[in-house]
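Have a look at the structure below, then the notes.
Bear in mind these aren't lab numbers, they're just calculated from the coordinates by the rules spelled out. Keep in mind that what you see is a predicted model, and the values were worked out from it rather than measured. Counting neighbours? That spans all protein chains shown, and the Cβs are built from the backbone with ideal geometry, glycine included.
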Amino acid sequence: MTAFTNCTACQADATTHFKHLGPLCESCFCTSVEKRVRKNTNFAPQTPINIFDDHYINALVAEHILKNILKGPWKIQRTTNLDIATVLAWSADDEASARLNAAITETPQPCTPALPLSGLTNQELITYAHAKGITGNHPQQTPLQKLFLTLEQKSPGAITNLAKNLRPHD
Ligand SMILES: [Zn+2]
């Protein structure tokens, strides 16, 4: 007999098994992702939300989630002009590797616009995109980001914690 795992939030059949989240169905997984992005998002009303579009799937995911969770006086759009971008669609992996590189090479911390997706690992981002039918090119994983995957398997939550710990405090 097959043992089914139930979603810890609604008891439906679980389809995702991220260790730090526990088993979740697709719908509860997406809700968990959106809630975390919401917590990580603090735009003043009327602020232009220009997501930097580097032609990778991250920008499409950021646009989809922000349009879903932000109801109000915001104009949300993608731009290929970095000068007017106010949002980077960095995952926790992207942020952790950028900050780690800066720390190791002792260069100043990258000055970044808002990073609403930085509480999500690449794997969570990809799983969310798949669930929502968002398709696009995936950025090439750097050697460091490949190491992060192993780290995350051994110590779930490690990548988001690393990104958080290396963030400059003001
Ligand atoms: Zn569920």
If the chain between THR107 and LYS132 were fully extended at 0.36 nm per residue, the gain over the current Cα-Cα distance would be 5.2 nm
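Counting each DSSP H run of 4 or more residues in the chain as -39500 (n - 2.57), what helix-only mean residue ellipticity at 222 nm follows after dividing by all residues, to the nearest 500 deg cm²/dmol?
Using -39500 (n - 2.57) per qualifying helix, the result is -13000 deg cm²/dmol.
In the neighborhood of LYS19, defined by Cβ-to-Cβ distances under 14 Å, what is the net charge if each Lys or Arg adds +1 and each Asp or Glu adds -1?
Values: positive: LYS154; negative: GLU124, GLU152.
Once all neighbours under 14 Å are counted, the net charge is -1.
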Under the 7 Å Cα-to-Cβ spin-label approximation, GLN153 and HIS20 lie apart by a distance in nanometres of 1.7 nm
Once normalised by the length of the chain, the mean sequence separation of its alpha carbon contacts under 8 Å that are 6 or more apart gives a contact order in percent of 22 percent
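Using only the Cα atoms of the range 89-170, what semi-axes does the equivalent ellipsoid have when each is the square root of 5 times a gyration tensor eigenvalue? Give whole Å, largest first. Could the numbers behind the result be given before it?
On the way: eigenvalues 95, 44, 29 Å².
Whole-Å semi-axes of the equivalent ellipsoid: 22, 15, 12.
Compute the signed sum of charges (Lys and Arg +1, Asp and Glu -1) over the other residues within less than 15 Å, Cβ to Cβ, of VAL87.
Values: positive: ARG38, LYS67, LYS75, ARG78; negative: ASP53, ASP54, GLU63, ASP83, ASP94, GLU95.
With Lys, Arg at +1 and Asp, Glu at -1, the net is -2.
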The base-10 log of I(q)/I(0) that the Debye equation returns for the range 1-66 at q = 0.14, 0.15 Å⁻¹, one scatterer per C-alpha, is -0.57, -0.63
In whole percent, the Cα-Cα distances of the range 41-121 spread across 5 Å bins from 0 upward as 3, 16, 25, 24, 17, 10, 4, 1, 0
Taking VAL87, VAL37 and counting other beta carbon atoms within 10 angstrom, the fewest-first order is VAL37, VAL87
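Rg over Rh of the chain, using C-alpha atoms and the Kirkwood radius, what does it come to?
Working: Rg = 16.6 Å, Rh = 16.9 Å.
Radius of gyration over Kirkwood radius for the chain works out to 0.98.
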Filtered hits (lysines, Cα-Cα < 29 Å from LYS67, offset >= 8 within chain) -> LYS19, LYS35, LYS39, LYS75, LYS132, LYS164
Once Lys and Arg are counted +1 and Asp and Glu -1 for all other residues with Cβ under 15 Å from that of LEU144, the total becomes -2
HN-Hα couplings for the range 99-104 via Karplus (6.51, -1.76, 1.60; θ = phi - 60°), in whole Hz with x for Gly/Pro, come out as 6, 5, 4, 5, 5, 5
